[in-house]
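Chemist: Encoded as structure tokens, here's the structure I'll be asking about.
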Amino acid sequence: MNARSTSRFLYIIAKLKPAIWDSIHPHGPRVSIASREYLIAMAIKGFASELNQRSLSTKLAAVQKTLVQFAGQRIATDYDDDNWCGTGRPPIPVPGPNPFGFSLDEVMLNPQPLPPKELQREIGGYLLMLSEATSHEGAAKDLGSIAGSLMR
């Protein structure tokens, strides 16, 4: 799973209303805060590797490290409170190959590599979405400012 598809997945999870998900799968699986923050950190790592600006890559590495440390602290807390595992819950349904009726890869109009400026804007948009998905306020603020500088 590459950084773009991971961030799309995280954005869908973050924006999906819990009431809607609960009506589809009553008392369905929860995504722990620790796992969400770690996935966001992994997506940031992928985006940082695509940027050619050393200063922004360094800032993204710092945000990534913050999120991994935050996730590590939350894993211990969630494990003690049994909030990590879905014990007593129904099995997680696995959707088919196209759960939305289309593949996210089909949406791309131009599979060619983007020009550097367009790539920066695209990465900025994804970082902005990730800033909305994270629970860590400091990381959200940093991601928002980095995203703003990339989209200018």
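Chemist: Does the range 73-80 contain at least one residue that is part of a helix (DSSP H, G or I), acidic (D, E), crowded, with 17+ Cβ neighbours inside 10 Å and modelled with pLDDT of 90 or more?
Modeler: no
Chemist: Any chance you could count how many residues in the range 95-127 are under 20 Å from N52 (Cα atoms), modelled with pLDDT under 90 and aromatic (F, W, Y)?
Modeler: 0
Chemist: Now a separate question. When N52 is evaluated against the numbered criteria (1) under 20 Å from L150 (Cα atoms); (2) more than 11 Å from the chain's Cα centre (by Cα); (3) in a helix (DSSP H, G or I), which criterion, by number, is the only one it fails?
Modeler: With respect to (1) under 20 Å from L150 (Cα atoms); (2) more than 11 Å from the chain's Cα centre (by Cα); (3) in a helix (DSSP H, G or I), N52 is out only on (3).
Chemist: Another one. Just name the residue that is surrounded by the most Cβ atoms within 10 Å (Cβ to Cβ) out of those in the range 128-137 that are touching a helix residue (DSSP H, G or I) at 6+ places or on another chain (Cβ under 8 Å) and more than 21 Å from R54 (Cα to Cα).
Modeler: Step by step, filter the range 128-137, then rank; the result is T134.
The values are calculated or read from the model by the stated rules, or taken from the named source; none is laboratory data. These numbers were taken from a predicted model, which means no experiment stands behind them. Note that we place each Cβ from the backbone using ideal geometry, even for glycine, and neighbour counts take in every protein chain shown.
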